[in-house]
Amino acid sequence: MATKQDPKSKQSASQEDNQKHNQSDASSKAVATDRDASDDTQALDALLETLSGDLTSIDTDAALGAIDEWHGVLQKAKEPELKELASGLKELKQLLKGGKATGHDIGEVLTHIGDQTSDLASDADKGVKTSLQKLGKQLSKAGQALGKAEDREAAEQIESLSETLEGDLTKVDTDTAVGAIDHWYGLLHKSDNESLKEISNGLKELKQLLKRKNADASDIAEALTKIGEQTTEAASEAHRGLKGPIQKFGKLLSKTGKSLA
């Protein structure tokens, strides 16, 4: 014979079941949160390891993959600061994919993203705070290093050309001279700076003159002098590490042009 269950007992059992269910949900959410935090930390640490190496040797596809991963996480965030950081990552990706950005262009964006990351670290959860702080500093450092490395490489190339101009120009091989012009034209004609574009046009004209078998020395002299004057003027807008070498190169070009006249 079945016995009637006390209504109070039923209510108590129901409350106990609800409590267990809520505890289970809370436990599952805590585990998920811990897992997400752990994944974020691992991703941060992987990015830190990548940035600590030689940035010039980083595979572009690998860099784009890391950017995509972080952009995917950040663009879902509601906080304006995180959305702004996601926009910075998107800009960085566009620069890398475009293939025309200079080290300074990429460096400036990296430095900006680094500063934003450092600011975010102050309000971050304890689990990712340290990693974010390190990442912010590393991004800023990497951005500054890219600009300096590009300046250093360009300065060495300018110095090499200057040494050539200071030597006996009658012994300079035409193909070598044309190769040097092609290199500088390739760098300058992509610039948005009108002064640099003018120099690239002058280099193109000089190349055409040098390739002519019956080129007039006075025409070459005039082209060299003009490029020299433009280069000296452009030096005033150059980065600090390049200003001196470019000024010297411009004066040498002008001097060489006048000596040929």
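The values are calculated or read from the model by the stated rules, or taken from the named source; none is laboratory data. Here the structure is a predicted model, which means the values were calculated and not measured. Don't worry about glycine lacking a Cβ; one is built from the backbone with ideal geometry, like all the others, and counts go over all protein chains shown.
Does GLY186 count as small (Gly, Ala, Ser), in a helix (DSSP H, G or I), modelled with pLDDT of 80 or more and farther than 30 Å from SER122 by Cβ?
Values: small (Gly, Ala, Ser): yes; in a helix (DSSP H, G or I): yes; modelled with pLDDT of 80 or more: no; farther than 30 Å from SER122 by Cβ: yes.
Criteria not met by GLY186.
Residue-wise test of (1) without any contact (Cβ under 8 Å) to a residue 12 or more places away in the chain; (2) in contact with a His (Cβ under 6 Å, 6 or more places away or on another chain); (3) aromatic (Phe, Trp, Tyr).
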position: LEU139; (1), (2), (3): no, no, no
position: ALA154; (1), (2), (3): no, no, no
position: LEU165; (1), (2), (3): no, no, no
position: GLY179; (1), (2), (3): yes, no, no
position: TRP184; (1), (2), (3): no, no, yes
position: ILE199; (1), (2), (3): no, no, no
position: ASP216; (1), (2), (3): yes, no, no
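Residue by residue through the range 111-142, note down the ones that are under 20 Å from LYS78 (Cα atoms) and of a type in the set (Val, Ile, Thr).
Once the filter is applied, which keeps residues that are under 20 Å from LYS78 (Cα atoms) and of a type in the set (Val, Ile, Thr), the range 111-142 yields ILE113, THR117, VAL128.
Within the set of pairs 6 or more residues apart or between chains, which connect a residue that is free of Cβ contacts under 8 Å to residues at least 24 places away in the same chain inside the range 102-116 to a residue that is surrounded by fewer than 20 Cβ atoms within 10 Å (Cβ to Cβ) with Cβ atoms less than 9 Å apart?
ASP105/LEU95
Specify the residue that is farthest from GLN157 (Cα to Cα); the eligible residues are those in the range 203-228 that are crowded, with 17+ Cβ neighbours inside 10 Å, in contact with a Ser or Thr (Cβ under 7 Å, 6 or more places away or on another chain) and not β-branched (Val, Ile, Thr).
LEU224
Do we have any residue at all in the range 246-254 that's closer than 18 Å to ALA154 by Cβ, in contact (Cβ under 8 Å) with a residue 12 or more places away in the chain, outside the structural domain of HIS104 (by TED's automatic domain parsing) and not in a helix (DSSP H, G or I)?
Our first condition is that a residue be closer than 18 Å to ALA154 by Cβ; within the range 246-254, this holds for 246-253.
Checking the rest, the ones that are also in contact (Cβ under 8 Å) with a residue 12 or more places away in the chain come to 246-253.
Among the residues that remain, those that are also outside the structural domain of HIS104 (by TED's automatic domain parsing) are: 246-253.
Checking which are not in a helix (DSSP H, G or I) leaves us with none.
Scanning the range 246-254, I find no residue that is closer than 18 Å to ALA154 by Cβ, in contact (Cβ under 8 Å) with a residue 12 or more places away in the chain, outside the structural domain of HIS104 (by TED's automatic domain parsing) and not in a helix (DSSP H, G or I), so the answer is no.
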